[in-house]
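As C-alpha cells, the structure follows; a few thoughts come after it.
The values are calculated or read from the model by the stated rules, or taken from the named source; none is laboratory data. Since the model is a prediction, treat every value here as computed from it, not as a measurement. Backbone-built Cβ (ideal geometry, glycine too); neighbour counts: all protein chains shown.
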Amino acid sequence: MTRPVPVPASPDLAVTGIEYAPAPESTDIVHLRDRYDLWIDGRWVAPADGGRMTTVNPATEEPLAEFAVAGAADVDAAVAAARAAFHDRWAPLAPSERAKYLYRIARILQERSREFAVLETLDGGKPIKESRDVDLPLAAAHLFHHAGWADKLEYAFPGRRPRPLGVVGQVIPWNFPLLMAAWKLAPALATGNTVVLKPAETTPLTALLLAEVFEEAGLPPGVVNIVTGAGETGAALVAHPGVDKVAFTGSTDVGKQIQRTLAGTGRRLTLELGGKAANIVFEDAAIDQAVEGIVNGIYFNQGHVCCAGSRLLVQESVAELVVAKLLRRIQTLRVGDPLDKNTDVGAINSRPQLEKIHELVAAGVAEGATMHQSACPLPERGLFFPPTVFTDVAQSHRVAREEIFGPVLSVLTFRTAEEAVTKANNTSYGLSAGIWTEKGSRILWMADRMKAGVVWANTFNRFDPVSPFGGYKESGFGREGGLHGLEPYLHLEGAW
Amino acid sequence: MVTDRLEVRKTYKLFIGGAFPRSESGRTYPVESADGRFLAHACLASRKDARDAVAAARKAQEGWVGRTAYNRAQILYRVAEMLEGRAAQFREELAVGGSPDPAAEVAAAVDRWVWYAGWADKFGQVLGTHNPVAGPFFTFSVPEPSGVAAVVCPDDAPLLALVSRVAPAIVAGNTVVVVASERWPLVSMTLAEVLATSDLPGGVVNLLTGRRAELAVPLAAHREVDVLDLTGVDDPAVRTEAERAAADHVTRVRRAEGPAAAWFDPSSQSPYAIADFCEIKTVWHPMGL
Amino acid sequence: MSSSTSGVVARLAEQLDPIRITPVDAVALEERAAALAGRSVKRQTKAALLDLAIRCMDLTTLEGADTPGKVRAMCAKAMRPDPSDPTAPPVAAVCVYPELVATAVEALGDSGVGIASVAGAFPAGLSSLDVRVRDIAWAVEQGATEIDIVLNRSAFLSGEFGRAFDEIVASKAACGTAHLKVILETGELGGYDAVRRASMLAMAAGADFVKTSTGKVGVNATLPTALCMAEAIRDFEDQTGRIVGLKVAGGIRTAKQSWQYLVVVYETLGARWLTPDLFRLGASSLLNDVLMQRRKLATGAYQRLDDFTID
C-alpha cells in the first residue's frame, strides 16, 4: 500500500484569508501630452489670452497635464466654427452620412477603449473596473445607438418634421467625463446639430482625447469643438448668443444660474442636475441582493453620482437585519488605487469635493446621527474617503437632505408603503429612486408614485443608451437617451 | 304700455376650485367691446388669487390623475358637448370682442376639445416606450403629468388658444391655473360655466382674469407650479422676469411652437402639446428566475 | 464589528418563526458572482489557494463501471496527487459508491484522506426511505466517513417540504458520526429561490454540508448557485449559530474555477470557511489542472497535461 508522503502544511488560509494582488492596469497605453490646447474647427488652438490650468491625478495628487483655459474670445471662435460647420457641412449632409460618422466614432472608441479607460481613471480617480466595464462600453454604445437614429428621425416623431436647432453648447461634469461627453454629443450630432463642448476642469483629458477620435473618424472640422476651462468658460459658453441650445449636467445651483441666464432668450435648455434618491427596501425584498444594490447605489463611483441611492429607506421590521448585513458588507469593500482591478472604491475626484464630504459628514455627526465607517485601509496619499453609513438619521438632518456626492449613505426607516412614498418624495430633487420588494403589484404601485425620472426596481444605477434618463423637480428637465433624448435637440415643426 | 325689457347682466368672477369667487382684492377692470362699448367689469385677479388657484389645482391633482384615462376622456368629451350646446353664446361673445370669424373659432374650439379628449388613453402609447436595453431587464418609459400647470393665454383667438393649451394639459392628468386673455376675458369665464356644469372635478381648471404682467411672475415663482406655459406672455421684460423666477426652482417653461396666428391650423394640435405638460418616467426591473 | 453584528442578527432571528428565508434576485446574484469571479488574486495567495483547492477536494468517481482497480488508482492519486512534487498536499477525501467504500478504506489506510460515499439510492434518491437509510448505514459500516445523499426533489418540488425534511433527519441519524452532505441538485430546482429554500431546509434538518449537484444532470455547480448557497449558510449561522459547510460539485474542471469558488466563499462567509472542514470541491478532472497551474506557478512555464498522471 502506498504511504502518503508527508507534506509541509500549506499556509493556513483559514487564518489569513485571501489576499488580492495589486493588479494595476498598465498606464503605458496612455500617451499624455504635457499641455493641451483647445480643439476648435478641427485644429488645436492655443487660448487667446494664454490661460492654463493643471489637471491632477486625485489618487496621487500629482499633476498629469496642463490644459488651456478658454476665454470669451476662444468661446466666440468655437461657436463661430460650429455655426459655419452647421451651415456648410453638417446640416447639408445626408442623414445617412451623419449616421456613418457616428458609427465610425463609436467603433474607434471601442478599439481604443482600454486607453480611454486608463486615462479616465488617471484623471478622475474612478476604479479601472468601472471605467473599463461601465463608462467606456456605455459611451461607445451611446454613440452607436444614436448613429442609427440620424436617418430615422421622422419615425421618432410621427406627424412632425424634425429639424436641428443649430449650435449646441454643452457643459459636462467630472463624475463621468467621457460618458457624459458621449451622452451629450451623440444625440446632438445624430439630430444634425453642431457642438461646442466644455468638459469639467478636473477631468478634461478624455474629452480632449476624443478629439483624436474625431480626427481619425474624419469628422468635418467645426462639427465638434472642445473648449476647456473652469466655471467662467462654461458661463461664457451658455451665455453666448450664437448658441441655440444649452445642455448642462452638473449641480442644481449652477443649473439654476444657467436657466436664469437663458431666461427670455428663447434659447432651448435641458438640465440634468443633482439628486438625493431614496432607495426603498421592503421587508419581503431579496435582502442579500438588496444589500448589493444599496452598496452599488451609493459606493459606485465613490458616490459621485447624481442618481446615487444616498437615502436608504428601510422598512422598520427588517431595518436591523439590513443594516447589520450592510455594515458587514462594507467591510469587504476595497478602497484604494483606482488603477487596481480589485479596487471597488477609488479616489475622491478633487480636494474641494473631499472637503465638502468631510464637512457634511461632520454635520451628520454633529446633528446626532450615528456614523459607521468601513475599517478598510486607505492609501497613505491621495484623496480617499472610506465607505460611510449613517444610522439614526432624521429626515431633517443635512445628511438626509443635501446631496453629498460622496460614499456616504443615510439610513432612515419607514413603517408602511405610504410612509415610504411620502419620505421618498420629501425632497426638492427627483432624479431617481430604488424599490426593493418581491411583490409585483407593490413595485408598480410604488413606481407610479415616485416623483423621480428613473425608478429602479430590484436593481440600481442601471444605464443604457436606449433608456431615457433625467429628473423631476429640481433634478432638471429633459431626457437623455432613447427616443425621448432626441427631442431636446430638435424643432418639431408642424405643417405650418 | 310696452317697454323694452331691461337685460340682466352677468357679473364675471373668477373660477377657483370649482367655485366662482370674486377677487380677494376686490379689484375689477372694465372690459369693452371691439367698438368701445362697456361690456362688464372683469375681476382683476391678485397674486393672492393666483395663490388660491394654485392651491386648488394642487389639491385636485392627485384625484384627477388617479382617474382612469377612459374616464378623463369621457369628461373631456362631455366638456365638448356642453361647449357645443352653448355655441351661440360663445359666437356672440366672440363677435362682440371683434373676432374675425366667431363661428369658425367656436367650431374649432369644440373640435379641439374632442380631439384632445380622444388622446386621454392614447398619448401614453405614442409618447411612451419600451426600451430594449442591453441586459436582463425589462425597461419602459411612460409620460406622467408634470402636476400643476400655469398657463398664460394670448389675446388672439381668446377661446381657441385657451382650449389649445388647457386641453392637452388636463388630458394628461395635470390640473391648471389659467390666466385668460387679458383683453377678452369674458369668453373664458363663460367657458368656466361650461366646465363647472360638465363633470370636470373642481380645481382641475382654475381661471383667472387680470393682468398678465401682474400674474405671470408670481405664478412662475410659486414652488407648487410644476410647469409654466408662457405662450401668452408677449412682453419680453415680463417673459424674462417670469422665466428667471421659474429658474429659482427649475420649473419647466413651455411655449406653443409656431406662429401666433396658427391656432386654426390643424397642425397646432399635437400629442407633443401634451408632452409639453408631461415628465417621462423610466422604470427598470430585472428579468430572472 | 462582525461578532456584534452576528449577535444582532442572531437575536433578531430568534424572534422570527421559524427560520427566515429571504427571496433571491437572479440578475443581481449573477452579477455579484461575476464581479467576484473578476477578482485578481495575489501570486503567493494563488499558490496557497491551489494547495487549498487540493486539500478541499473530494476526488470523485461515480461511474457504473467503477471497479476496485479504478478506485485503488484514484486513491493513490488522492494521497499523493503529484508524485514528482512531495509538497503537493493530499486531497480531502475520495468519493465513491457504497460498494467501493471497502476498497477505498483499504487503499487509503491511515493516510488521513476521508472516504465519502454517495448513499441513499444516489443519484435520484427515489427508493423507499427504508432502503435509503439502510444504504447509508451500510456505507458507514463499510468505513465511509462522509455520506453524500440527495435531497428528495420529488417531495421538495411537489411542496412536501416536511417529508423532504424528515428524510434528511432520518438520514442524519443513520450516519452516526459520519458527516452528512445533502445534495440539492440545484440544476433541477428551477431557480435560486428554490436553491435558497432547499439550503435552509437541509441545514435545518441537520446537514453538515449542503452540496450543489450530483454531477449527473445537465446543470451542475455554478458560481451564482454557490453564492446563493453561501448566503443561505451565512443566514443560517446568523439565525441559529450553527455553522454548515458548502460543497460545490459537477463541472468544475479548471484551477481558475476553483479559486473563483474560494473567493466567493471567502467574500461571503469569511476566512473561517477556507478549510476542508467547511468547504469541498467535488471533482474528477479538476485535480490535474490544479497541479498543472501549481507547477506553472513554481516554474513559470505552461505545462503539458501528459506530464501528470491520469489517476
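Specify which of the listed residues (C:GLY109, C:GLY114) is surrounded by 14 or more Cβ atoms within 10 Å (Cβ to Cβ), at pLDDT 95 or above and touching a strand residue (DSSP E or B) at 6+ places or on another chain (Cβ under 9 Å).
C:GLY114
Cβ contacts < 9 Å: first residue free of Cβ contacts under 8 Å to residues at least 40 places away in the same chain, restricted to the range A:188-211; second residue surrounded by 24 or more Cβ atoms within 10 Å (Cβ to Cβ) and basic (Lys, Arg), any location; separation 6+ or different chain. Result?
Between residues of the range A:188-211 that are free of Cβ contacts under 8 Å to residues at least 40 places away in the same chain and residues that are surrounded by 24 or more Cβ atoms within 10 Å (Cβ to Cβ) and basic (Lys, Arg), the close pairs are A:LEU197/A:LYS184; A:ALA207/A:LYS198.
Listed residues C:ALA155, C:ALA78, C:ALA104, C:ALA137; which is outside any loop (DSSP other than H, G, I, E, B), touching a helix residue (DSSP H, G or I) at 6+ places or on another chain (Cβ under 6 Å) and either modelled with pLDDT under 95 or buried (at least 24 other Cβ atoms within 10 Å of the Cβ) (or both)? Reasoning before the result, please.
Details: C:ALA155 fails: either modelled with pLDDT under 95 or buried (at least 24 other Cβ atoms within 10 Å of the Cβ) (or both); C:ALA78 fails: touching a helix residue (DSSP H, G or I) at 6+ places or on another chain (Cβ under 6 Å); C:ALA137 fails: either modelled with pLDDT under 95 or buried (at least 24 other Cβ atoms within 10 Å of the Cβ) (or both).
Step by step, each of C:ALA155, C:ALA78, C:ALA104, C:ALA137 is checked, and only C:ALA104 is outside any loop (DSSP other than H, G, I, E, B), touching a helix residue (DSSP H, G or I) at 6+ places or on another chain (Cβ under 6 Å) and either modelled with pLDDT under 95 or buried (at least 24 other Cβ atoms within 10 Å of the Cβ) (or both).
Can you name the residue in the range A:445-471 that is in a loop (DSSP other than H, G, I, E, B) and out of contact with any helix residue (DSSP H, G or I) (no Cβ under 9 Å at 6 or more places or on another chain) and is also farthest from the other protein chains (Cβ to nearest Cβ) among such residues?
For the range A:445-471, the residue satisfying everything is A:GLY471.
Please determine, by comparing only the residues of the range C:140-152 that are within 20 Å of the chain's Cα centre (by Cα), farther than 17 Å from C:LEU62 by Cα and not polar (S, T, N, Q), which one is surrounded by the most Cβ atoms within 10 Å (Cβ to Cβ).
Looking at residues that are within 20 Å of the chain's Cα centre (by Cα), farther than 17 Å from C:LEU62 by Cα and not polar (S, T, N, Q), I get C:LEU151.
What are the residues in the range A:131-161 that are outside any helix (DSSP H, G or I) and either of a type in the set (A, V, I, L, M) or modelled with pLDDT of 95 or more (or both), if any?
Taking the range A:131-161 first, the residues outside any helix (DSSP H, G or I) are A:150-152, A:157-161.
Once the filter is applied, which keeps residues that are outside any helix (DSSP H, G or I) and either of a type in the set (A, V, I, L, M) or modelled with pLDDT of 95 or more (or both), the range A:131-161 yields A:ALA150, A:ASP151, A:LYS152.
Which of the residues that make up the range C:160-200 are on the phi > 0 side of the Ramachandran plot and over 17 Å from the mean Cα position of the chain (by Cα)?
Within the range C:160-200, C:GLY176, C:GLY190, C:GLY191 meet the criteria.
Could we say that A:THR437 is polar (S, T, N, Q), over 23 Å from B:ILE280 (Cβ atoms) and either in contact with a helix residue (DSSP H, G or I) (Cβ under 8 Å, 6 or more places away or on another chain) or touching a residue at least 40 places away in the same chain (Cβ under 8 Å) (or both) here?
Taking the combined requirement at face value, the residue satisfies it.
If you take the residues of the range B:232-244 that are among the β-branched types (Val, Ile, Thr) and buried (at least 19 other Cβ atoms within 10 Å of the Cβ), which of them is modelled with the lowest pLDDT?
Among those residues, the one meeting the criterion is B:VAL233.
Filter the range B:245-289 down to the residues that are at pLDDT below 95 and basic (Lys, Arg), then identify the one that is surrounded by the most Cβ atoms within 10 Å (Cβ to Cβ).
Looking at the filtered set, the residue picked out is B:ARG254.
Can you tell me how many residues within the range B:96-125 are assigned to a helix (DSSP H, G or I) and at pLDDT 95 or above?
Number of matching residues: 19.
If you go through the range A:415-422 one residue at a time, do you hit one that is over 30 Å from B:PHE264 (Cα atoms), more than 7 Å from every other protein chain (Cβ to nearest Cβ), surrounded by 21 or more Cβ atoms within 10 Å (Cβ to Cβ) and at pLDDT 95 or above?
Yes, the range A:415-422 has at least one match.
Tell me yes or no: at least one residue of the range C:48-65 is within 14 Å of chain B (Cβ to nearest Cβ) and surrounded by fewer than 20 Cβ atoms within 10 Å (Cβ to Cβ). Write out each step before concluding.
Pass one, the range C:48-65, residues within 14 Å of chain B (Cβ to nearest Cβ): none.
No.
Among the residues of the range A:327-383 satisfying the criterion of being buried (at least 16 other Cβ atoms within 10 Å of the Cβ), charged (D, E, K, R) and over 21 Å from C:LYS42 (Cα atoms), which is farthest from the other protein chains (Cβ to nearest Cβ)?
The extreme case among them is A:GLU367.
Out of the range B:190-224, which residues are farther than 17 Å from B:ALA149 by Cβ and touching a helix residue (DSSP H, G or I) at 6+ places or on another chain (Cβ under 8 Å)? Explain how you work it out, then say what you get.
Narrowing the range B:190-224 to residues farther than 17 Å from B:ALA149 by Cβ: B:190, B:193-194, B:196-199, B:209-211, B:213-214.
Listed by number, the residues that qualify are B:THR190, B:VAL194, B:THR197, B:SER198, B:ASP199, B:THR209, B:GLY210, B:ALA213, B:GLU214.
Could you please let me know if B:GLY97 is exposed (fewer than 15 other Cβ atoms within 10 Å of the Cβ) and either within 19 Å of the chain's Cα centre (by Cα) or not basic (Lys, Arg) (or both)? Full working, then the answer.
On the way: exposed (fewer than 15 other Cβ atoms within 10 Å of the Cβ): no; either within 19 Å of the chain's Cα centre (by Cα) or not basic (Lys, Arg) (or both): yes.
Taking the combined requirement at face value, the residue does not satisfy it.
Inside the range B:245-284, can you point out the residues that are of a type outside the set (Gly, Ala, Ser), without any contact (Cβ under 8 Å) to a residue 24 or more places away in the chain and farther than 30 Å from A:ARG462 by Cβ?
Across the range B:245-284, the qualifying residues are B:GLU257, B:PRO259, B:ASP265, B:PRO266.
Among C:THR67, C:THR61, which is among the β-branched types (Val, Ile, Thr), within 21 Å of the chain's Cα centre (by Cα) and modelled with pLDDT of 95 or more? Reasoning before the result, please.
Working: C:THR67 fails: within 21 Å of the chain's Cα centre (by Cα).
Result: C:THR61 is the single residue among C:THR67, C:THR61 that is among the β-branched types (Val, Ile, Thr), within 21 Å of the chain's Cα centre (by Cα) and modelled with pLDDT of 95 or more.
Are there any pairs, at least 6 apart or on different chains, whose C-beta atoms fall under 8 Å, with the first in the range C:121-147 and more than 12 Å from C:SER171 (Cβ to Cβ) and the second charged (D, E, K, R) and modelled with pLDDT under 95, and if so, which?
Once the first residue is more than 12 Å from C:SER171 (Cβ to Cβ) and sits in the range C:121-147, its partners that are charged (D, E, K, R) and modelled with pLDDT under 95 give C:PRO123/C:LYS216.
Among the residues of the range A:341-361, what is the count of those that are more than 18 Å from A:ILE298 (Cβ to Cβ) and touching a Lys or Arg at 6+ places or on another chain (Cβ under 9 Å)?
The number of residues fulfilling the criteria is 2.
For the range A:477-496, give me each residue that is of a type outside the set (A, V, I, L, M), touching a Phe, Trp or Tyr at 6+ places or on another chain (Cβ under 8 Å) and within 7 Å of chain B (Cβ to nearest Cβ).
A:ARG479
Can you name every one of the strands (runs of 3 or more DSSP E) wholly within the range B:190-289 that holds 1 or more residues which are within 10 Å of chain A (Cβ to nearest Cβ)?
Strands (runs of 3 or more DSSP E) meeting the threshold: B:227-229, B:252-254, B:278-286.
So, restricting to strands (runs of 3 or more DSSP E) that lie completely within the range A:263-335, which ones have at least 1 residues that are under 27 Å from A:CYS376 (Cα atoms) and of a type in the set (Gly, Ala, Ser)?
A:278-281
Would it be correct to say that A:ARG442 is within 8 Å of chain B (Cβ to nearest Cβ) and either assigned to a strand (DSSP E or B) or within 27 Å of C:VAL24 (Cα to Cα) (or both)?
no
In the range A:42-70, what count of residues is obtained for those that are part of a loop (DSSP other than H, G, I, E, B) and farther than 21 Å from A:GLU380 by Cα?
Within the range A:42-70, residues that are part of a loop (DSSP other than H, G, I, E, B) and farther than 21 Å from A:GLU380 by Cα number 9.
If you take just the strands (runs of 3 or more DSSP E) that sit entirely in the range C:208-311, which of them hold at least 1 residues that are of a type in the set (Val, Ile, Thr) and either within 24 Å of C:VAL96 (Cβ to Cβ) or modelled with pLDDT of 95 or more (or both)? Spell out how you get there, then give the answer.
On the way: elements: C:209-211, C:245-249, C:279-283.
Qualifying strands (runs of 3 or more DSSP E): C:209-211, C:245-249.
Would you be able to tell me the number of residues in the range C:233-248 that are within 14 Å of the chain's Cα centre (by Cα) and surrounded by fewer than 24 Cβ atoms within 10 Å (Cβ to Cβ)? Spell out the reasoning first.
Filtering the range C:233-248 for residues within 14 Å of the chain's Cα centre (by Cα) gives C:233, C:244-248.
If we keep only those that are surrounded by fewer than 24 Cβ atoms within 10 Å (Cβ to Cβ) too, we end up with C:245.
Number satisfying all stated conditions: 1.
Among residues belonging to the range A:224-249 that are among the small types (Gly, Ala, Ser) and outside any strand (DSSP E or B), point out the one that is farthest from A:GLY51 (Cα to Cα).
A:GLY242
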